[in-house]
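The values are calculated or read from the model by the stated rules, or taken from the named source; none is laboratory data. Only a predicted model underlies this, so the values are computations on that prediction, with no experimental measurement involved. Here Cβ is always computed from backbone atoms with ideal geometry, including for glycine, and neighbour counts include all displayed protein chains. Areas reflect the complete protein model, heavy atoms only, side chains present, ligands, DNA and RNA absent. Shrake-Rupley method; radii C 1.70, N 1.55, O 1.52, S 1.80 Å.
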Amino acid sequence: MDLPASYYGKLDKSNPVVISFVREINSFIAAMKKIASSPTREDNPGYVKGIKILVGVWKKYKNRLPSKFYQEHMLQVADVLFELKFYDLALWHGYKPYLQQVTSVDFLDIKDTDHFKASFFPEDLDTDQDTLLMMIRALQGCALCTFQQVKGHHVLSPVCLYKLLHVLDLLRIIMQVFQHYDNLCWQMYNASVLIYNICRYLMTKNYSAQALEYLLWASFSIELSVPLMTSKNVPWLVTLYCAVCQCYHDNHAAVQGEVFARRALVKMNELANLEEQCGISASNETRRTYKEASIKLATMVFKRAVFEARTKAFRFKTKKNLSDIHNAPWPRNTTEQILSSLFEGRAAQFLGVLEALKNSSKNHPSTAGPEDFELQEVVLELLAAGISILSESEQKNDRQSPGFFRAVTSSSSLLDLAIAGENKVCFEAAIEFIKLLYYNKQQDAFSEYSREMLQLLSGLTSQSTKTAELELSLLYYYSCVQKEKQKAVLSVSDELNELVKTLHKYVCDSRAELDKDLVLSVMLFTWEKIVSVIGRTQRHYLDLKTLEKLIWCLSVLCEVAFTFEPCSTHHCVMIGEMTLTLGMLLENATKHVPQKCSLEEDAEDWVLPDIPFVLSKSSTTQLLQKLCSVVKKCLKTLSKGMNLMLPQDGSALIDSAFMQKYGIPSSISSCEEENDSEENVETSKHTWSTDDFLLVVDLHLHLNAIYYKALLGLKHGIAESEMSQHFKKNKVSKAIFLMQKASMEFSINSGSTNIQNQLEESAELMRRAGLEERKLYMSTVTTNQSASTNKYKGIKDEKDCPPPAPILITRSDHSLSFVPAPYYPKQEVYWYQILGHAVDCTTNTKARLGDCSLAGTGNLIPVESGRCVLKVDGLDTNQKYVFAVAAYDSQGELVGNSIGETTIPMLASPPLPLLTSWAYLAQVAFQTKQYDVARRACQKLWRHFTNTESRATNMQYELSTPRLQDATLRHSSLTLRHSFFSSIFIETDINIRDSLHFSLFSDRGLFIWEQIARLEECERMLAAIELIPWLTDPSDALQAVLVCYALVIPLIYHQVPCHPVIQVLTKCMKVLEKNLPQLKHKWTGSASEALMHRIACITYYLYKALLILKQNEKAKTVMDCGVNLIQEIYDAQNKLNNKPVVLKADPAAPKSETKMNAQLKALLGKNKVKINENASLISFSEDHSKMYEFLSSAPIRHAFQEVMRLKQKTLFIESSTLLLQRALEEGEEALIIEWEQYLMELLRKLTATNPSRTKQTSF
């Protein structure tokens, strides 16, 4: 039995309980300091051991030591842990347990001052001062730890923002309560410091609107505290004032910002006058303090006053360039007059110019508009004032900075120079001003001043000036490349090379803080420039010199991108695309180099920024090694990006598009309800859409395929077992590897029997991967549901059951995150601990209490009002793990007497893109001529993306367009949609190759099952057309139209009036009409002629078929549509070829144009030659085309009379047949009956008089 410390006498250093307690605490602190100095920190196994020691110490001595002594040491340990940056431990095992001994209310749930006092100070604040200070210390410690936890995330999520706003509410309540106690003024000061730090962090994340009210509260609270309103605290108060003004400007409320700044100036003057009236002598330090305050606040006033002082008067000429401002004595304009009135000394004036220009570039963009001309003119005057200040010299013999920068010095900062009233400017401020010249589109001035500044900086050796020199050089070359003329776009210029080289030095070699916006802008611009060069050179011959430059530029640019990793989806996509393009160029380069060279270099040093790349000195092995190195780094970068983009709602566990077929929702509902107030928090600026995440996942898959292809190219240097270490237990990755292996083997020996086996194995692996993904989801849902039903079982059981398996919410290649499943034991759960290990075989599939070797396992995570997230880091990619949770009560006792249920084996990888993998298999199998495998893969995609209802077994075939699954398409990336679109054509092409070829059809006749097979393929093409709105290019539908035409050619040839064919071709005509602009400009030459021929055939078939089906109005509409399409395409081609538009047959026109006119006139009756009633058919008897035209255009009764005049001619029977056919098409049944009797009688007479007449006539 452990006796209390009082049993051994006084509570002093000789008490054995105190000695033991202090010894164990000191041992724990020493162990944690050792862990803090190690590079692994939380990954260190000692970290978990330290947690267990600390929990054991608190549990062991809580009831043996006096409460106050115990709590004081608890806070001391928390303070040490906070200094060591173990913020989680300090919060969960120090500050928060201290608060929980006083109240059960969470510190983030405090609503007002009464709630605050009732929870933490039930006996009011007039209690023991030591107890009071300890409580304040614990509250501020909780706030600090929460803030540091949020800062540890790369992204400010809505949940984190919600926490910070509650922390700010708590600090505001603390300041409001302490306002009435002068002895607690310094606690108010500390709270204001913490409010400022949190608000500055929010401002950097573009949440100035939320930060404004708290900064206002902090500044007003300091003003109302008499003990704090002294000259010593003026710098801090001015810092708060300036932060408030900046928030106003960020929120586009410049008027309120200026009013607040003027009010602050008045407050500073009042405070100075009050100290003077009290007889407090002003020291040099005090005067400096007030001078600094006045300069800072005057700058805030100037930021708006300079733009609002301009009158809106009409002027004949506005200033557009710096040259428009005349060189006259200072002050030359209104802007310089305001500068002279507000600031003393050129340094202070230059500070005001810088702040105003920074604010103008943010809030007053140079856009067209009547009001913006005034703002642009003020900007020009500010720039001119800055140039004038930089070029002035205090002494005539000043030779420190010749030329334009006679006022530049490196002695001190700009603010120190402004306080001293100097007329000098520091180098950093001058460089910042030159950059503002560029941002305000003064390119000529920027180029001139940047060259001279770079020359000055080259003679300085300090680290800050070297960084500034690199930054200015980067901006200089950036402007030079932007001014390149269009004629240099087909090659990589020297300026672009210098830009890439400088960018590499700035990002990779500089240790200073980078200008992220500038770096990202240069990267995007350079990438677009390289893409334009590649796009244009692909139309021409890509010479080796250009190829070398492109490879060098992309290699260096990729290295920059891997080093520079901002939290941006666009950045992740750009890195993936750059690496894919570099892989394409390196693959192209392998065709121009030998397999080996005499000197093999390391892949890391193969392309150096300072050494041009020479293709002739490289080998295939080097190229493939470099490709492997770049792709591997890109995969790591994309993995980091995916970790930041992972949604926390469970929607990123599985391929949601793959699971839509099985009726599974796209996200797993959280097992814990979130507070309603959290829903009102503004969505984070850094959240990403599902499309962005899916696009990065697909890029990850394609880069893995490139990586495996490069490894296979280096097969002679890498063992098969070493290759398998890259995909381990990831079946999809192994399938991609086998596909690449089959593709490479096909390029070497297309007749190899291994190709089919490898692709078959790939298909089987992906099938099994799909089953595992479904099992993973179902196990999660089952755990959630079964745990919910245990809510009532826990009341009946005498003993608590162990907790259920945890619920997976996010997964990546190196981490898995869980939340505890709903668990309702008799004892209240205070802590959760996750445990787990890797699964190497099927026998070791249970997690145990000792499985704490993985980072994150073994940590005791408190059950908070929000979500209790259990995260395990440092996992091996593509390895499987099992996990379980252990629950503990407030005394650290295991709830349920054992560890909880174990999860199924879980793969450490991002969500597997199953459908994208099936699409990739379809492409590879089709390219390697394994059509059976390709068909199966295409059918797999078809079943997931369409809902094909079973067709009724009717004798009459009815066209049925498959219905697309909108839910699947919504959860698919753009890449996957395009792949599904391609798979439709792949399967149709395979079917045509097998049994639907035109020659096979013609040889065997018009069998009904072949017609149905062709129409079923047309249904697939109609589904492809329906898919077009989900893609990026509407003209892709033209491919489906051409395939439909190829499928129904035999039906058109045999003139089969089939209703389903009419439906198909009618849809094709609508697509052609919708895409007419693309048809007119993208289809040229022979392709345009072939297209017009197809349109004519489709139009003629529809016209004839609709007339037979008695749909005359539709037939006329189709004819008009078809002829209009042909006419517009034809006219567009003539314009492109600079030929006149020919509307009728012209003997002087070229032969092709006359032929095209005849086609148009044959389709459209109104374009044919008008035949009056007096025209004679005898005159056309020698020209068959004119005779056909007469019979189709002349009034039908007049045409019959003219035919009767040909009874002695050989064309009589043919003319009569054509006329009867026309009457049938026009629905003149009465005329047919009347003429039929007359014609038959006439033919009998002719046969009787001349029997050989019928033999001489032919059709």
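Filter the stretch 901-925 for residues that are open to solvent by 10 Å² or more (accessible area, probe 1.4 Å), closer than 18 Å to Thr857 by Cβ and in a loop (DSSP other than H, G, I, E, B) and give the result.
Glu901, Thr902, Thr903, Ile904, Pro905
If Phe727 meets every condition in (1) closer than 27 Å to Lys633 by Cβ; (2) among the aromatic types (Phe, Trp, Tyr); (3) modelled with pLDDT of 90 or more apart from one, which number is that one?
(3)
Would you check which residues across the stretch 245-278 are among the acidic types (Asp, Glu) and closer than 17 Å to Phe307 by Cα and list them? Show your work before the answer.
Kept after step one, since they are among the acidic types (Asp, Glu), are these residues of the stretch 245-278: 250, 258, 270, 275-276.
Within the stretch 245-278, Asp250, Glu258 meet the criteria.
Being within 36 Å of the chain's Cα centre (by Cα) and part of a loop (DSSP other than H, G, I, E, B): is that true of Glu828 here?
Numbers: within 36 Å of the chain's Cα centre (by Cα): no; part of a loop (DSSP other than H, G, I, E, B): yes.
Here the answer is no, as Glu828 does not meet what is asked.
So Gly279 fits all but one of (1) out of contact with any helix residue (DSSP H, G or I) (no Cβ under 9 Å at 6 or more places or on another chain); (2) assigned to a helix (DSSP H, G or I); what number is the exception?
(2)
What's the number of the condition Gln210 fails, among (1) of a type in the set (S, T, N, Q); (2) open to solvent by 10 Å² or more (accessible area, probe 1.4 Å); (3) under 33 Å from the mean Cα position of the chain (by Cα); (4) within 29 Å of Phe69 (Cβ to Cβ)?
It is condition (4) that Gln210 fails.
Mind telling me which of the residues Glu949, Glu958, Glu1010, Glu1017 ends up being of a type in the set (Asp, Glu) and modelled with pLDDT of 85 or more? Even if it seems obvious, please write down each step before you answer.
Details: Glu949 fails: modelled with pLDDT of 85 or more; Glu958 fails: modelled with pLDDT of 85 or more; Glu1010 fails: modelled with pLDDT of 85 or more.
After applying the criteria, what remains is Glu1017.
Within the stretch 215-231, take every residue that is in a helix (DSSP H, G or I) and in contact with an Asp or Glu (Cβ under 9 Å, 6 or more places away or on another chain) and give me the one that is farthest from Glu270 (Cα to Cα).
Pro227
Taking the options Glu1113, Glu1153, name whichever one is assigned to a helix (DSSP H, G or I), of a type in the set (Asp, Glu), more than 42 Å from the chain's Cα centre (by Cα) and at pLDDT 80 or above. Give the steps one after another, and end with the answer.
Working: Glu1153 fails: at pLDDT 80 or above.
Glu1113 is the lone residue from the list that is assigned to a helix (DSSP H, G or I), of a type in the set (Asp, Glu), more than 42 Å from the chain's Cα centre (by Cα) and at pLDDT 80 or above.
Just to be sure I understand the filter: pairs with C-beta atoms under 6 Å, separated by 6 or more residues or on different chains, first member in the stretch 551-566 and assigned to a loop (DSSP other than H, G, I, E, B), second member open to solvent by 10 Å² or more (accessible area, probe 1.4 Å) and basic (Lys, Arg). Which pairs pass?
Hits for this filter: Pro566/Lys516.
Just to verify a result, which residue in the stretch 785-825, among those that are at pLDDT below 75 and assigned to a loop (DSSP other than H, G, I, E, B), is most open to solvent (accessible area, probe 1.4 Å)?
Residues of the stretch 785-825 that are at pLDDT below 75, as a first pass: 785-800.
From the residues that got through so far, the ones that are assigned to a loop (DSSP other than H, G, I, E, B) too are 797-800.
Working: Asp797: 54, Glu798: 170, Lys799: 148, Asp800: 28 Å².
Checking each candidate, the answer is Glu798.
Per-residue answers, yes or no, for (1) farther than 27 Å from Gly1227 by Cβ; (2) without any contact (Cβ under 8 Å) to a residue 12 or more places away in the chain; (3) not basic (Lys, Arg):
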| site | (1), (2), (3) |
| --- | --- |
| Leu1072 | yes, no, yes |
| Asn1075 | yes, no, yes |
| Gln1078 | yes, no, yes |
| Trp1083 | yes, no, yes |
| Ser1086 | yes, yes, yes |
| Leu1091 | yes, no, yes |
| Tyr1101 | no, no, yes |
| Ile1108 | no, no, yes |
| Glu1113 | no, yes, yes |
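Mind checking which residues of the stretch 1085-1122 are closer than 18 Å to Val1061 by Cα and among the polar types (S, T, N, Q)?
Listed by number, the residues that qualify are Thr1099, Gln1111, Asn1112, Thr1117.
One line per residue, one yes/no per condition, for (1) hydrophobic (A, V, I, L, M, F, W, C); (2) at pLDDT 85 or above; (3) open to solvent by less than 20 Å² (accessible area, probe 1.4 Å):
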{"site": "Ile551", "(1), (2), (3)": "yes, yes, yes"}
{"site": "Thr569", "(1), (2), (3)": "no, no, yes"}
{"site": "Leu615", "(1), (2), (3)": "yes, no, yes"}
{"site": "Lys640", "(1), (2), (3)": "no, no, no"}
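Test each condition in (1) open to solvent by less than 10 Å² (accessible area, probe 1.4 Å); (2) at pLDDT 85 or above for Thr113 and report the one that comes out false.
(1)
Given the options Val266, Val259, Val226, Val234, name the one that is modelled with pLDDT under 90 and surrounded by fewer than 22 Cβ atoms within 10 Å (Cβ to Cβ).
Values: Val266 fails: modelled with pLDDT under 90; Val259 fails: modelled with pLDDT under 90; Val234 fails: modelled with pLDDT under 90.
One residue alone meets the criteria, Val226.
I need the full set of residues from the stretch 290-310 which are of a type in the set (Asp, Glu) and touching a Leu at 6+ places or on another chain (Cβ under 9 Å), in order please. Spell out how you get there, then give the answer.
Looking only at the stretch 290-310, we keep the residues that are of a type in the set (Asp, Glu), and these are 292, 308.
Passing the criteria: only Glu292.
Restricting the stretch 122-168 to residues that are under 47 Å from the mean Cα position of the chain (by Cα) and part of a loop (DSSP other than H, G, I, E, B), which is surrounded by the most Cβ atoms within 10 Å (Cβ to Cβ)?
Leu156
Can you tell me how many residues within the stretch 179-205 are open to solvent by 50 Å² or more (accessible area, probe 1.4 Å) and over 13 Å from Thr239 (Cβ atoms)?
The qualifying residues number 7.
Residue pairs, Cβ under 8 Å, 6 or more apart or interchain, first in the stretch 267-289 and of a type outside the set (Ser, Thr, Tyr), second open to solvent by 90 Å² or more (accessible area, probe 1.4 Å). List them.
Ala282/Glu276
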